Number of protein chains: 4
Amino acid sequence: MRVGVLTGGGDCPGLNAVIRAAVRKGVTEYGFEFVGFRDGWKGPLEGLTMPLGIPQVRGILPRGGTILGSSRTNPIKIEGGVDRIKANMDQAGVDALIAIGGEDTLGVATKLDELGVPVVGVPKTIDNDLNATDYTFGFDTAVNIASEAIDRLHTTAESHHRVLVVEVMGRHAGWIALHAGMSGGANGILIPEVPFHLDEVVGWVESRFQTNYSPIIVVSEGALPADGEMVTKDQSLDAFGHVRLSGIGDWLASGLEARTGKEARAVVLGHIQRGGTPTAFDRVLATRFGLSAIDAIAAKDFGKMVALQSTNIVRVPFIEATGELKTVPLERYEEARPFFG
Amino acid sequence: MRVGVLTGGGDCPGLNAVIRAAVRKGVTEYGFEFVGFRDGWKGPLEGLTMPLGIPQVRGILPRGGTILGSSRTNPIKIEGGVDRIKANMDQAGVDALIAIGGEDTLGVATKLDELGVPVVGVPKTIDNDLNATDYTFGFDTAVNIASEAIDRLHTTAESHHRVLVVEVMGRHAGWIALHAGMSGGANGILIPEVPFHLDEVVGWVESRFQTNYSPIIVVSEGALPADGEMVTKDQSLDAFGHVRLSGIGDWLASGLEARTGKEARAVVLGHIQRGGTPTAFDRVLATRFGLSAIDAIAAKDFGKMVALQSTNIVRVPFIEATGELKTVPLERYEEARPFFG
Amino acid sequence: MRVGVLTGGGDCPGLNAVIRAAVRKGVTEYGFEFVGFRDGWKGPLEGLTMPLGIPQVRGILPRGGTILGSSRTNPIKIEGGVDRIKANMDQAGVDALIAIGGEDTLGVATKLDELGVPVVGVPKTIDNDLNATDYTFGFDTAVNIASEAIDRLHTTAESHHRVLVVEVMGRHAGWIALHAGMSGGANGILIPEVPFHLDEVVGWVESRFQTNYSPIIVVSEGALPADGEMVTKDQSLDAFGHVRLSGIGDWLASGLEARTGKEARAVVLGHIQRGGTPTAFDRVLATRFGLSAIDAIAAKDFGKMVALQSTNIVRVPFIEATGELKTVPLERYEEARPFFG
Amino acid sequence: MRVGVLTGGGDCPGLNAVIRAAVRKGVTEYGFEFVGFRDGWKGPLEGLTMPLGIPQVRGILPRGGTILGSSRTNPIKIEGGVDRIKANMDQAGVDALIAIGGEDTLGVATKLDELGVPVVGVPKTIDNDLNATDYTFGFDTAVNIASEAIDRLHTTAESHHRVLVVEVMGRHAGWIALHAGMSGGANGILIPEVPFHLDEVVGWVESRFQTNYSPIIVVSEGALPADGEMVTKDQSLDAFGHVRLSGIGDWLASGLEARTGKEARAVVLGHIQRGGTPTAFDRVLATRFGLSAIDAIAAKDFGKMVALQSTNIVRVPFIEATGELKTVPLERYEEARPFFG
């Protein structure tokens, strides 16, 4: 059997660990050969391949990024895309695919599966918002980076008697904000799932200042006020005439400063949350995903995605995973409330 | 309601996070008062208390250790111990206890529960070997520390063309070795649950040297050879005439050097695995355990231990947790085998 | 002898290490007593004191921030300020002061020294821009944090084929950008001392993209284009009508995207560079500064600032330190040029 | 010009940073070509080469180890060794050498220089015990690793009411122990330069236990008692009949337990101090060393070693560096004394 592997979508710590595990077990236990498709779906679409075997995967476990490259190319939206993929798989002698990626990548995999292409999926989202799996790799790393940043910010908030607003990733789901805020000892957490009232956040800030400490508010990039105060994101033109969107972190810091009279500053963690070496949790999870994916290939159990349920790696139909986003349930948000203020 | 809190057994990152969460929610949502019992069961046994409220728990979330102190005192084994505990609880006006600890501490809690003392347990073991919970806090921190050490050791093994044997914690269960070895890219993992053959380890080492890399073998302190080669641990007298036991790491390095002709060294991680600030995973888990424990107190749901199952915090009877150790199942060990050698 | 201690200006890792060392040696070797003045010069100005002795300094070595609090209060600018300080020192029975701070704090110390107040200075600036000392504590910590962030950003730049612009601290001096950029393997470094040409930066970016890697440009917050392209910082009004200034990082990312046609993003590290636990280098330096400061007090060697020269701690007159900023010499900037592009 | 590069001796974080900087500047500014000699002096001795250019040095800055490999081969001690080196340099068309290593490697370089081989040295010792340079790269990394370990051990010492003895590297010089001990807040530091009295260490331990804290003693592997208590290191036979030497850490822990009645444990940090990614300080220092080394080659300034003096990189004759070890001066040890006990 000859197996093609590709990685799609954004950077996420653990991608290389998945690739390594699948290749390692595929070669040593099943005697498979591998082909690397470069840059996500662009690889099979355009026939971009690279050698992939045990020599290529040595030493990559601790490294961020992906040795296969990535892209957001969607072959479904390209006329004749699926046929070109089939043709290129044939040409490369590839019998089955392992597709590692998020909603978009797995959406393509679902479509290909329906069209008879043998494919197994590995879920990847730093935001942890995919259904059917307890966690995705990359999430634990992102939460640790954000949590360490918050640790550092506490002493600065205190010594400057300031409000610090920490904006973390999470456009549609507040998992990173919830976990990093809980781990970092935030005095307020705002997530996309629960529209917030500025009045309430002002209350948390003022209550915190009544102790000898200073407040830190953690906010998902996708959080929004409940009451339409911010109908659209604030826009301005940058030095080159492009429209620039100001994020919720800046908006909130500005609002808190205006309302409380205390200096407030936003820290936008941005890309540092998604690169670099994975935590041990993510390395183990990604490795187990890779092992299970190659087992699925060997068992010809196609059209499935590997997933973590409790401490077990299981395989679920694509449809269970990609139907809708896994957002933060209200009770999980309410659980954190004793720490607000 | 007035709640007593105590921590028993060895150091474990996350203890302070549990205490903080229980006190924080207890005070702000239930209006409870708290009493800290010092040094594990010694506290209620001898009436050693300290003030415990929101001021005492501010800022302790990221700190290792326990503000309450700890001990291995077992009041069950002390004549009249249980009666003294009841008397001291009465005297301190304490209506219920939260006991945070491992098998021993929870064993005492089980006994007290049978004797009518209202008590809720929070599981704590760095070795992750308690049943009924997917993970215990402290484990993820220990695995990360060991994994980072292994990352560093790879370059040293390579540049010296040496075998490095890394001995990690785990007297009866190999969870730390399994996860740290998988995360660190070890070329062999040895755990107490699966007696090993030196011949096989020699094979892994020799196979690894045939690449351009050098082997790292991760071994639980409680791992043992299958074939009685090491009937007893090696003993010698130290400079002061005490018996000194040489660990499995040294034994294995010595054996591998003798058998392969390659220099081999053991690195014993020891205590650095169990101290210091917890990872984000452990802080969130410990915090959620603390919140759930105080909910149990409020619900008068005594005789239970909080536990993690999948992503949910649940409450289980003591008996489910302390019946037998949760060791590494054979299939989890076999899962890692493609990386050996 | 009774010694007052105060910390002024912004947060900086190592402040607590200085305080601890001075108190520890003052008490154990010289038999001094100590008084903590709270919140920088506001403390002696308003008579705000706190107890300061060995119990207060236990355990603070690894902690960021300052147990004494800080402020930017300048008593020189306040009518009768110096007299009030003298009076409050008398009232607290304080014979001499240790003032830990940056240019402003040491400027006040210089003035007080001229007016006969016995004072010893300890230099503190995260930007490393104080003369007469090779390094100031806090700088090494800031550089490490920025360097670790750049490490993580490399894999993200690669996987997204993007330009990443990393804006670090340094309003007037480019030390953090120079060291973090050199340490992080940046493909371009821009500092306030050397006005830059966008054309040249575009050249670096394009040259880097010709390899299989993606460019990272590190820029001091105070860097500016040479040719007046950015006459004023870009301004817009925020959601609450306040003027908002967009930083050089955003400006540069926008310009590079417009000029190269490649996606470019700015990451502004901001406050995370100045809080939290100090590195070992900074702990040792801060500790040695504290020890030397109390020696100066004991020797009645007032009007001096402690400083690092090579591996020695020396004492220099205030005037040598505060005359002008220590900016990056052109040859140090040119030294990094082989890595640009 | 064609330049050969080699790395000799033990692993040390920063070796790759030196290689990268020399190659990068050599190629881009001087138009040099490079040849990598493998495995230290074994490379030129046996004609083992590898390609070395900009592609080979991309991405290696943050990586521990050395891409060139290393060995302890000493060609001076091999009959005809020097002639073989000259012949192999000729054959590879190499005009000059950059030798990166410690006392042994630089000793060979000194000899070759006397015999007319054009060679420039770069000092490397994790122990920081080379004269003529303020610091060597690798040392700061080792100190940080040890300091972080000590941070973690504090909470464990406290929660177990134990003495912890931390054995760090340093056979002949106590720099790592001095800096890590000062940075980690140790309650006693023992170094090879100052023979210790067990009585005095017992005093520190007992004094520390009178506070609410537990003692941590940091000891160099080469430290020895003053009074001949430990005439020879303790010896025993291991499981395979080899002689095993017990280190000073175990000896000391055993002695402290016997004398104070408190549990004492040794933690031997060992190899984890010398591998893995370098700190920012070490990356900058190593990079600047590499740049200066290639400048020396270009200037035909042979027979010199690059060195750090204050913040400047200078070049000094080999003889200044290798004459005698740079040990810890007594006043630097005494400086730390206020923290003992």
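Screening the range D:314-341 for residues that are more than 30 Å from D:VAL205 (Cβ to Cβ) and among the β-branched types (Val, Ile, Thr) and picking the one that is nearest to the other protein chains (Cβ to nearest Cβ) gives D:VAL314. For the range D:134-152, the set of residues classified as surrounded by fewer than 24 Cβ atoms within 10 Å (Cβ to Cβ) and within 13 Å of the chain's Cα centre (by Cα) consists of D:TYR135 only. Set side by side, the residues B:PRO118, B:PRO123 differ, and just one is of a type outside the set (Val, Ile, Thr), surrounded by fewer than 23 Cβ atoms within 10 Å (Cβ to Cβ), more than 16 Å from B:ALA177 (Cβ to Cβ) and modelled with pLDDT of 95 or more, which is B:PRO118. Whether a residue is aromatic (Phe, Trp, Tyr) and closer than 21 Å to C:GLU334 by Cα was assessed, and C:TYR135 passes this test.
Taken together, the residues in the range B:162-197 that are farther than 20 Å from A:ARG24 by Cα and in a loop (DSSP other than H, G, I, E, B) amount to 13. Among the residues of the range C:15-38, those that are outside any strand (DSSP E or B) and crowded, with 23+ Cβ neighbours inside 10 Å comprise C:LEU15, C:ASN16, C:ALA17, C:VAL18, C:ILE19, C:ARG20, C:ALA21, C:ALA22, C:VAL23, C:LYS25, C:GLY26. Just checking, which of A:THR125, A:THR66, A:THR110 is part of a helix (DSSP H, G or I) and not assigned by TED's automatic domain parsing to the domain that holds A:ALA177? The unique qualifying residue is A:THR110. Quickly run through the range D:303-341 and pick out the residues that are touching a strand residue (DSSP E or B) at 6+ places or on another chain (Cβ under 7 Å), under 14 Å from D:GLY121 (Cβ atoms) and not small (Gly, Ala, Ser). Answer for the range D:303-341, where residues must be touching a strand residue (DSSP E or B) at 6+ places or on another chain (Cβ under 7 Å), under 14 Å from D:GLY121 (Cβ atoms) and not small (Gly, Ala, Ser): D:LYS304, D:MET305, D:VAL306, D:ILE313, D:VAL314, D:ARG315, D:VAL316, D:PRO317, D:PHE318.
Residues checked against (1) in contact with a Gly (Cβ under 7 Å, 6 or more places away or on another chain); (2) at pLDDT 95 or above; (3) closer than 21 Å to C:GLY290 by Cα:
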position	(1), (2), (3)
C:PHE32	yes, yes, yes
C:PHE37	yes, yes, yes
C:LEU45	yes, yes, no
C:THR49	yes, yes, yes
C:LEU52	yes, yes, yes
C:LEU61	yes, yes, yes
C:SER70	yes, no, yes
C:LYS77	no, no, no
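Kindly establish whether D:PRO225 is at pLDDT 95 or above and in the same structural domain as D:VAL166 (by TED's automatic domain parsing). So D:PRO225 does not fit the description; no. Among the residues of the range A:86-99, is there at least one that is modelled with pLDDT of 95 or more, more than 30 Å from B:GLY184 (Cα to Cα), under 26 Å from the mean Cα position of the chain (by Cα) and small (Gly, Ala, Ser)? Within the range A:86-99 (the criterion being modelled with pLDDT of 95 or more, more than 30 Å from B:GLY184 (Cα to Cα), under 26 Å from the mean Cα position of the chain (by Cα) and small (Gly, Ala, Ser)), the answer is no, since none of the residues qualifies. Would you pick out the residues in the range B:271-304 that are touching a residue at least 12 places away in the same chain (Cβ under 8 Å) and of a type in the set (Val, Ile, Thr)? B:ILE272, B:THR277, B:THR279, B:THR287, B:ILE294, B:ILE297, listed by residue number. Consider B:GLU263 carefully, then state whether it is of a type in the set (Asp, Glu), touching a strand residue (DSSP E or B) at 6+ places or on another chain (Cβ under 9 Å), outside the structural domain of B:VAL202 (by TED's automatic domain parsing) and closer than 30 Å to D:ILE272 by Cα. Criteria not met by B:GLU263. Regarding A:GLY181, is this residue surrounded by fewer than 24 Cβ atoms within 10 Å (Cβ to Cβ), at pLDDT 95 or above and within 12 Å of another protein chain (Cβ to nearest Cβ)? In short, no. I want to confirm something. Restricting to the range C:155-165 and keeping residues that are closer than 13 Å to C:ILE217 by Cα and either more than 7 Å from chain A (Cβ to nearest Cβ) or surrounded by fewer than 22 Cβ atoms within 10 Å (Cβ to Cβ) (or both), which single residue is nearest to the chain's Cα centre (by Cα)? The qualifying residue nearest to the chain's Cα centre (by Cα) is C:VAL165. Per the listing B:GLY116, B:GLY121, B:GLY93, B:GLY107, the residue uniquely away from chain D (no Cβ under 12 Å), free of Cβ contacts under 8 Å to residues at least 24 places away in the same chain and not aliphatic (A, V, I, L, M) is B:GLY116.
The values are calculated or read from the model by the stated rules, or taken from the named source; none is laboratory data. Everything numeric in this text was worked out from a predicted model, so none of it was measured. Cβ sites come from the backbone with ideal geometry, for glycine too, and all protein chains shown count toward neighbours.
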